[in-house]
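Report on the structure given below.
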Amino acid sequence: MANILKHKNLKKIIIWSLTGLVGIILLSIFVTYSSSSIVCNKITIEFLDDEKNRFLDEQDVKNLLISKEGNPIGKVASKINIDNLENAINKHPMVENAEVSKNIDGSLHVKIKLRIPVVRIINSFEESCYIDNQGFIMPVSKKSIARVVVANGQITERFYLNSVQEMQDSIPDCQTAKIFALAKK
């Protein structure tokens, strides 16, 4: 009698396990099929800084996205390469960090942290740039003017490199690095 009960319990366990397994397989097929048909319907852009010294706006970011992959609105979400979009935004000289993600509703979400300028330098050649709080050189923007210390005069260095550290390594007596050190204090 006990043997028959064990056999019935084992049968129930097997039946329920198989039912659960079939359910999981069907659910994963449904999710895969439905996610491949979701179309990007919106782009949301979130800036992780205050609005002071905002050198980029939402339209600039959308233009960057469009120039890299074309307009994502209307594209199948699974065909949008978010790594390429994220890399394109991160290469912008005003951006410190960007993260791009796709949401389940088909929207594309972009989080951006902008660089924070600490000094503006105008060299002897009338070239101008900002240096951010980490020592990276930023071009001057037409959208915003940062209220920072301005250094000018007999500054003979050109601003071809990406950071003050690169300048320090390549130029023994780097004026720009000294200005950055003073401005950062």
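The values are calculated or read from the model by the stated rules, or taken from the named source; none is laboratory data. None of the values given here were measured: they were computed from a predicted structure. All Cβ positions, glycine included, derive from the backbone under ideal geometry; neighbour counts span all protein chains shown.
Find all pairs meeting these conditions: Cβ atoms under 9 angstrom apart; at least six residues apart or on different chains; first residue within the stretch 105-116 and closer than 22 Å to Ala146 by Cα; second residue basic (Lys, Arg). Note: pairs meeting the criteria are Leu114/Arg54.
Condition test on Val164, is it modelled with pLDDT of 80 or more and within 28 Å of Asp60 (Cα to Cα)? Judged against the criteria, Val164 is not a match.
In this entry, Ile66 is excluded by the filter for residues that are among the aliphatic types (A, V, I, L, M), modelled with pLDDT of 80 or more and outside any helix (DSSP H, G or I). The requirement of being at pLDDT 85 or above and either among the hydrophobic types (A, V, I, L, M, F, W, C) or farther than 30 Å from Asn133 by Cβ (or both) is satisfied by Lys42.
Taking only the stretch 121-134 into account, find how many residues are surrounded by fewer than 21 Cβ atoms within 10 Å (Cβ to Cβ) and within 20 Å of Leu56 (Cβ to Cβ). Of the residues in that region, 4 qualify.
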